[in-house]
1. Please compute, for the alpha-carbon atoms of segment 79-170, the extent along each of the three principal axes and give them in descending order in Å.
2. Modelled label-to-label distance, L381 and D41, 7 Å Cα→beta-carbon offset: nm?
3. List every residue whose amide H lies under 5 Å from the amide H of F54, counting only residues 5 or more places away in sequence or on a different chain, with H placed 1.01 Å from N in the peptide plane.
4. State in Å² the accessible area per residue of segment 1-148; use a 1.4 Å probe, count heavy atoms of protein chains only, and round to the nearest integer.
5. Tell me, in nm to one decimal, what length is gained between S279 and S120 on full extension, where the rule is 0.36 nm per residue of separation less the Cα-Cα distance?
6. Work out from phi, with θ = phi - 60° and the Karplus expression 6.51 cos²θ - 1.76 cosθ + 1.60, the ³J(HN,Hα) of each residue of segment 133-141, listed in order in whole Hz, and give x for Gly and Pro.
7. Find the all-direction average of the projected area of the Cα convex hull for segment 85-139, expressing the result in square nanometres with one decimal place.
8. What spacing in nm lies between the two simple spin-label points modelled at Q136 and S30, each 7 Å away from Cα in the Cβ direction?
Amino acid sequence: MNVILHVGPGKTGSSAIQKWLNEHSDTLLSEGVFYPEHSLDENGVSSGNALSIFEYDSKGQLHFSESKAKFLLENARAKQCHTLLLSSEAFIARFEPVLHFFDRCKVIFYLRNPVECAESLYNQSVKRHYNCNTIQVPSEVSFSRLLKLSQTIKNKKDGQLSVRLYGARFFNGGNIIRDFTSTIGLTANMDGYDKQINGSYSFPALEFKRWFNLVPISAVHHRLDRFLQQYCGKTEQFSLYTKKQYEEFKALSINALEDLFKNIGVEGDKQFLEEVKQSSQARVFEQGLGKDCLTDLVQKIKSEDKHLYSELSQIALSSAHPDLRDGVIGKAFSGVRNPLGRKLRPVSLSFRKKLTVTDCFSSVPVSVVSKEHLQWIRDKLKLANNIDDGILLRDFALFHEELGNIDMAYYFMREARRYRPHGVIILGKLKEYSDSLYSKQM
């Protein structure tokens, strides 16, 4: 049985490849290629076949599963296929046990301009991995995994490495799907297929998401990502590096590529290197949100998704993070009327300061928080009665989360749910706290 292993790496079109393969599994079968199906999210993104041959241990670490791999081979033979095709970016960090298990294995690796790749990886970390930090220029350009992969395959009797160059100029057929299918020997008709998967955010969208990453509530961020994916704003192509950073990192990348091509023979390497040398920086933007672009984005959310706007308003105005609450985003939402009809009354900074000096909740109460108890708290902290009970308890929870008291945070968020049983933020945080407390017990 022939095995083809596509290892990515990240930001080289893997999502588009995997989506096409998943949607055309019958076409692949007709040509004798078995591609195990996998789930896709609503953006067409997945982890590919990672869990087809790997499994998680009790600590959440991936380990190669010989039993799963044997099952795939048996399944491929039962379908009368001559090739098993697997694709996942997770493979590039775990290829050794895979190559050790499979006899005849061809590995496909896409090589992208490191300058483009670094910025794209940062943007992805903001989009999907709750990165709140500004971009940092890598101190080095390393191809250690590719070099190790190359050496491992050289030591393997029936191994083959195909390094494909990433970019429209280098794709066979003009796009990555045609390039990939031709690389694995498919004859499928690709006319008319030119879909973009996991497209980039605009600059305002990226910065907006970065600030809201300070409050990582998965349910809200899932909806926010879906909205921002469609929001173009006024700019599309942009760079976050300064001109000096860009030129220095470009020079570093060129040196690293020259060293790489001395060790690995890649068809088209001279043309690729020349394109990197001739590449120019996109329009430079300094990270931070200006009032105009922020207003446009907030108004867009308000007009197109009122529930998302309501949730983001509550997060911005009552966040435990002053950078979000008291910054440009908090000010953009401050004083606005909730589109669902309720005036938002966030708990103030002075309220949080009062919390630091009170012993109202120095330990977890043994009973539920009653209306009388809440009123006693209001009197003790000199709080107005116009703050919603559920919001009040929610902010007690967020305050304790900020202090690292997850037990207390869970208790108050649980009590907040009694007053706001359908609160998206409350339900999301309860799951987050529960997962955290469970992991501590393991």
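The values are calculated or read from the model by the stated rules, or taken from the named source; none is laboratory data. Since this is a predicted model, take the numbers as computed values, not measurements. Please note: Cβ atoms are built from the backbone with ideal geometry, for glycine as well, and neighbour counts cover all protein chains shown. All accessible areas refer to the heavy atoms of the entire protein, side chains included, with ligands and DNA or RNA removed. Shrake-Rupley method; radii C 1.70, N 1.55, O 1.52, S 1.80 Å.
1. 49, 31, 30 Å, listed from the longest principal axis down.
2. Modelled inter-label distance: 3.4 nm.
3. It is S65, by chain and number.
4. Values: 6740 Å² over 148 residues.
Spelled out: the 1.4 Å probe surface of segment 1-148, per residue, equals 46 Å².
5. Numbers: separation 159, 0.36 × 159 = 57.24 nm, distance 1.56 nm.
Residue separation times 0.36 nm, minus the Cα-Cα distance, leaves 55.7 nm.
6. Coupling constants for segment 133-141: 7, 6, 5, 10, 7, x, 7, 8, 10 Hz.
7. Result: 5.4 nm².
8. The answer from the label model is 5.1 nm.
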